[in-house]
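Data block below; observations after.
The values are calculated or read from the model by the stated rules, or taken from the named source; none is laboratory data. Remember, predicted model here, so these are calculated numbers, not experimental data. All Cβ positions, glycine included, derive from the backbone under ideal geometry; neighbour counts span all protein chains shown. Ligands, DNA and RNA are stripped out before the accessible areas are found, and what is left, the full protein with its side chains, is counted by its heavy atoms. Shrake-Rupley method; radii C 1.70, N 1.55, O 1.52, S 1.80 Å.
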Amino acid sequence: MKNINPTQTQAWKKLEEHFQSVKNIDLREAFAQDANRAKNLTIEVDDFYVDFSKNLINENTVALLNDLADECRLSEAIESYFTGERINATEGRAVLHTALRSDIGGVKVSENVEAAAQNHQKMYEFVDGVHQGKFVAHNGNKFDTVVNIGIGGSDLGPVMIYEALQAYKTDINVHFVSNVEGDHVEEVLKKIVPEKTLFVIVSKSFGTQETLTNATTIRNWFEQKVGKEAVSKHFIAVSSNVSRATGFGISEDNIFPMFDWVGGRFSLWSTVGMSIALAFGVENFKKLLAGAASMDKHFKEAPFEKNLPVQLALMTIWYNNYFKAESEAVLPYSQYLHRLPAYLQQAIMESNGKSVDRNGDLVDYQTGNIVWGEPGTNAQHAFFQLIHQGTKLIPAHFIAFAKAKYHQPDHHNKLMANFFAQTEALMNGKSVKEASADMVQAGKSDAEIEKLLPFKVFEGNNPTTTILIDELTPESLGKLVAMYEHKIFVEGVIWNVYSYDQWGVELGKVLADQILSDIEKKDTGTHDASTTNLLRRFYKLN
Ligand SMILES: O=P(O)(O)OC[C@H]1O[C@](O)(CO)[C@@H](O)[C@@H]1O
């Protein structure tokens with residue numbers, strides 16, 4: 001059976017017509033006319049309150065988007081996802097990060113769930129052993145520092161969670177080395193005491209240039225400082241390629257396997273989460289998994305119209321494919337979530353940045369959107385100007401926790417006041433009448449008002465989705481991340497792309513290897529004129 005081109009569905013065509021009548025919706029009027037708008041366009045799932053009502057939609061939009069999901073056979077796709085069908089067809093793999101945290105896929109994936117549990121068990125025993133002083137440094141010291149050596153999914157998930165759960169941290173500190181840039185390694189090495197540090201090399205393939213280079217440099221440094229014989233006590237690895245890891249010199253006991261049915265960017269729930277478990281303890285790691293599991297259940301069971309990942313994905317499709325918005329901002333009003341946008345950039349853009357559909361045909365519609373963001377309120381003082389008054393439509397997710405971690409009511413009230421004010425301001429804007437009234441009030445002359453008026457007007461009608469969560473806990477964080485994972489899945493199904501491969505990153509890797517061999521010989525090789533000149537300039541200084 002051919003995979004469905006979304007643009008050929010009835011719903012897509014109806015949405016095109018519907019778009020003509022909704023594209024100029026005035027949100028202020030929409031709220032004035034419908035007292036139930038906020039209530040009807042909000043989904044509450046336990047501690048998550050997600051308000052879609054400040055989006056450029058009406059209830060008919062939601063119904064038509066749900067029809068689109070139906071016509072694209074989303075329900076069947078969800079079933080295939082959870083039951084381990086090889087939906088990553090270009091690599092011939094199942095996509096089962098869900099089996100790392102819930103048994104919702106039923107008997108078909110019970111073997112995967114069991115294998116995941118065994119791997120987790122080995123990790124939990126190790127982590128508990130480190131905390132209890134059973135697994136110690138070569139000289140009997142307790143480890144108080146971990147260095148996570150990995151990149152992409154072997155870094156972004158762990159570092160994002162590590163930053164987010166600082167309030168739950170044990171006395172183990174984690175540093176992350178990812179970039180192949182030697183200065184990154186040096187800066188981390190400056191901060192650590194090797195005798196008290198555990199190094200975790202994380203690489204699903206154990207073939208990634210950056211990670212192997214960093215791991216080699218760090219091991220050499222360690223051998224010089226402490227001695228070769230101590231390496232086996234201080235270096236462990238997480239990989240699905242156990243033989244390569246042993247080839248690197250890590251003993252098999254110190255290797256924590258992962259599976260090829262877990263994609264790198266969805267792997268923080270696996271043994272890739274080793275540094276998370278070390279930093280926060282096994283119980284908190286389990287809570288993170290439990291939170292994700294509850295979102296899995298919601299996603300699998302809730303009807304589309306009440307389903308958070310489904311509705312979030314449909315909103316993205318609405319803006320991306322009808323309004324032709326290119327990007328989406330993710331704005332956490334929590335400093336703890338400062339790495340969430342970076343994490344989501346990989347998860348979303350590596351997954352759905354595809355231009356060939358699942359039939360192998362070039363798509364003639366927009367797929368993966370660009371995701372970016374920073375925490376509020378800082379972002380307000382940086383790029384909000386463009387969202388308020390620029391020429392681009394930027395739908396934004398505003399994420400906040402109703403309860404602060406520390407009791408600082410003055411700070412929290414101010415933070416939340418900004419959080420609420422921004423979505424209101426983005427929606428309401430400021431009309432000519434309001435802007436001139438303000439200036440009259442401020443005592444401006446008529447001439448000044450006339451001159452400044454165009455600059456003081458805010459068009460408004462900028463769409464936002466508010467994700468208000470009771471509190472930042474390991475559980476709620478797990479839910480939040482899983483919610484975005486499933487959103488990515490739904491978008492991939494509707495855009496009819498394979499979300500779980502990443503062939504697009506391969507070409508650069510191959511070319512970098514070729515150029516490296518030129519650089520090592522100080523040769524300009526056979527490159528285009530621009531690259532040749534750049535190499536010459538580089539050789540002058542090296
Ligand atoms: O864990 P590995 O195999 O080192 O890969 C790191 C990252 O590289 C990528 O394959 C892409 O470059 C990512 O998908 C992955 O997360």
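A simple packing score, the average count of other Cβ atoms within 10 Å per residue, orders the peptides 395-406, 117-128 as 395-406, 117-128, with the highest score first.
In order along the stretch 528-542, the phi-based Karplus estimate (6.51 cos²θ - 1.76 cosθ + 1.60, θ = phi - 60°) of 3J(HN,Hα) comes to 5, 4, 4, 5, 4, 4, 4, 5, 4, 4, 5, 5, 4, 9, 10 Hz; Gly and Pro are listed as x.
For residue 286, a cut-off of 17 angstrom between C-alpha atoms picks up these lysines, skipping any fewer than 8 places away in its own chain: 122, 169, 297, 479. Summing charges over all other residues whose Cβ lies under 13 Å from the Cβ of residue 344, with Lys and Arg as +1 and Asp and Glu as -1, gives -2. Each Lys or Arg adds one and each Asp or Glu takes one away; over the other residues whose Cβ falls under 11 Å from the Cβ of residue 121, this sums to -2. Centre-to-centre, using Cα atoms only, the stretch 206-222 and the stretch 263-284 are separated by 21 Å.
With a simple spin-label model that places each label point 7 Å from the Cα along the Cα-to-Cβ direction, the separation between residue 297 and residue 523 comes to 6.1 nm.
Whole number please: convex hull volume per residue, Cα atoms of the chain, in Å³.
Values: hull volume 106.2 nm³, N = 542.
Hull volume over Cα atoms, normalised by residue count, gives 196 Å³.
Beta-bridge orientation, the chain: approximately 25 percent antiparallel, per DSSP, counting only bridges with both partners inside. Farthest towards the positive end of the charge dipole of the stretch 1-143, among the residues 84, 63, 139, is the Cα of 139, using unit charges on the Cβ of Lys, Arg, Asp and Glu.
Count the net charge of all other residues whose Cβ sits under 13 Å from the Cβ of residue 83, scoring Lys and Arg as +1 and Asp and Glu as -1. Can you show the working numbers first?
On the way: positive: 86, 108, 300; negative: 76, 79, 85, 103, 111, 296.
Spelling it out: positives minus negatives among the neighbours equals -3.
If packing is taken as the average count of other Cβ atoms within 10 Å, what order do 334-346, 200-212 fall into, highest mean first?
200-212, 334-346
Among 461, 484, 435, whose Cα projects farthest towards the positive end of the dipole of the stretch 373-519, with charges put on the beta-carbon of Lys, Arg (+1) and Asp, Glu (-1)? Farthest towards the positive end: 435. Globularity index of the stretch 5-157 is 1.62 (Cα radius of gyration / 2.2 N^0.38 Å, N = number of residues). Between residue 534 and residue 509, the simple label model (points 7 Å from Cα in the Cβ direction) yields a spacing of 2.0 nm. With r as the distance between the Cβ atoms of residue 370 and residue 451 and R0 = 41 Å, compute the FRET efficiency 1/(1 + (r/R0)^6) and round to 0.05. Efficiency, from the Cβ-Cβ distance: 0.65.
Hey, got the dipole for the chain? About the Cα centre, +1 on K and R Cβ, -1 on D and E Cβ, debye to the nearest 20?
Details: 53 positive and 68 negative charges, 187 e Å.
Value, rounded to 20: 900 debye.
Given their separation in residues at 0.36 nm each and the Cα-Cα distance between them, residue 20 and residue 179 gain 52.6 nm when the chain is fully extended.
In the chain, the longest principal axis of the Cα atoms and the axis of helix 506-520 are about 50 degrees apart. Normalised size of the stretch 139-239, defined as Cα radius of gyration per 2.2 N^0.38 Å with N residues, equals 1.02. Solvent-accessible surface (1.4 Å probe) assigned to residue 75 amounts to roughly 70 Å². What is the helix-to-structure angle for 59-71, meaning the angle in degrees between its Cα long axis and the longest Cα principal axis of the chain, kept from 0 to 90 and rounded to the nearest 10? Helix 59-71 and the main axis of the chain meet at about 40 degrees. Select from 408, 423, 397 the residue farthest towards the positive end of the dipole of the chain; place +1 on Cβ of Lys and Arg, -1 on Cβ of Asp and Glu, and compute about the Cα centre. It is 408. Entry note, the chain: relative contact order of 19 percent, from Cα contacts under 8 Å with a spacing of 6+ residues. The three principal axes of the C-alpha atoms in the stretch 424-534 carry coordinate ranges of 71, 47, 31 Å, sorted with the longest axis first.
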